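Some notes on the structure that comes next.
Nothing in this text is a laboratory measurement; each read-out follows from the coordinates by a stated rule. The model shown is predicted, which means the values in this text are computed figures rather than measured ones. Here Cβ is always computed from backbone atoms with ideal geometry, including for glycine, and neighbour counts include all displayed protein chains.
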Amino acid sequence: MADKKWVGHLAAAGAYAIFGFNIIFNKDIANDGTVSPMVMFVLRAFGATVLFWLLSLVLPREKVPARDMWKIALASFVGLFLPQVSFLFAIEQATPVITAVMGALCPVYTMCFAFLFLGEPITLKKAGGVAMSLGGALLLIFNSTRAAGPVAETTVLGVILLLVNGVSFAAYLGAFRPLISRYSVVTLMKWMFLFSLLISLPFAWDGLFHTDYASLRPAVQWEIAYVVVFATFVAYFLIPVGQKHLRPTLVSMYSYLQPLIAAAISVFIGMDRLTWQKVLAAVLVFAGVALVSRSRAANQ
């Protein structure tokens, strides 16, 4: 597996780079107010379910025994439904800075879950790498110019939802790696998204038929298309690939690409400027990732 680690690094980096744009687009979709968070989740789940099942038709069929099917259903609830729905509701209850700070804690949660479920040791090198990247991410967050958003202050509910978002996805990364290793990405994702779609339909049934889709601005339509195709289908194809080749904490640390991408976009379009703090933050983030990748694993 060691010679295929580069595949895992590329997959994790690609997925979280896509998520970087996903955060920006989801905020704009939420600000538009036409599509509710639950309807947005159903659109994502439905689109990904259709795409993964269509892809499975041209690949060798893989049978999943009943003893694993309930585990996949649980994984879909913990790794798809809870984190996505909580995030979609949270961005209406929290400021951009608090959203970014809470999101930056995900690798810390993942490191703890990997220790609990997989016996991954929390070594000084691993903890130091996580702390280094976390420091870089926070330095970047608090030294970036951010336009005022529609959310003036963060509510207690917003903090709770962001906590649910981070902890649930970290639990998925840490607890379900053995299950993910047994099946192909397409087999796993086609069932996970189908289960998450079935879970969410009762909560969004009324909203699906009362949403005024015709009133959506063309820009919002393209953003929804991006979220469904790239931030759901493509990104969730890449994450299990990363999980197969990298340890959970290392996969989650690529989430620090998100504030880097947001800062780079802001600098590129003239909303922010490049400073030594941003350069230092980027160096700290990648140095921390490198340190964690060289830390001791459970099988060592």
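The table for this structure:
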| item | result |
| --- | --- |
| Theoretical gain in end-to-end length, THR155 to ALA290 [0.36 nm per residue, Cα-Cα removed] | 45.0 nm |
| Ellipticity estimate at 222 nm from DSSP helix runs (n ≥ 4, -39,500 (n - 2.57)) divided over the chain, nearest 500 | -23500 deg cm²/dmol |
| Sites LEU57 and ALA225, calculated FRET efficiency, Cβ-Cβ separation with R0 35 Å, nearest 0.05 | 0.95 |
| Separation in nanometres of the label points that stand 7 Å from Cα toward Cβ, at HIS210 and LYS71 | 4.1 nm |
| GNM flexibility winner over the chain from ILE239, ILE91, ILE122 (Cα, springs under 10 Å) | ILE122 |
| Per DSSP, loop trypsin sites (Lys or Arg not before Pro) in segment 1-107 with at most 15 further Cβ within 10 Å | ARG61, LYS63 |
| Computed lengthening from LEU10 to PHE268, 0.36 nm per intervening residue step minus Cα-Cα distance | 90.5 nm |
| Three-way shape call for segment 190-300 based on the alpha-carbon gyration tensor, with the a/c threshold at 1.5 | oblate |
| HN-Hα J in Hz across segment 278-294 - Karplus 6.51, -1.76, 1.60, θ = phi - 60°, x for Gly and Pro | 5, 5, 4, 4, 4, 4, 5, 4, 6, 5, x, 4, 4, 5, 5, 5, 9 |
| Separation between Cα centres of segment 218-262 and segment 117-146, rounded to whole Å | 19 Å |
| Computed over segment 2-293: relative contact order in percent, which uses C-alpha pairs under 8 Å that are six or more apart | 43 percent |
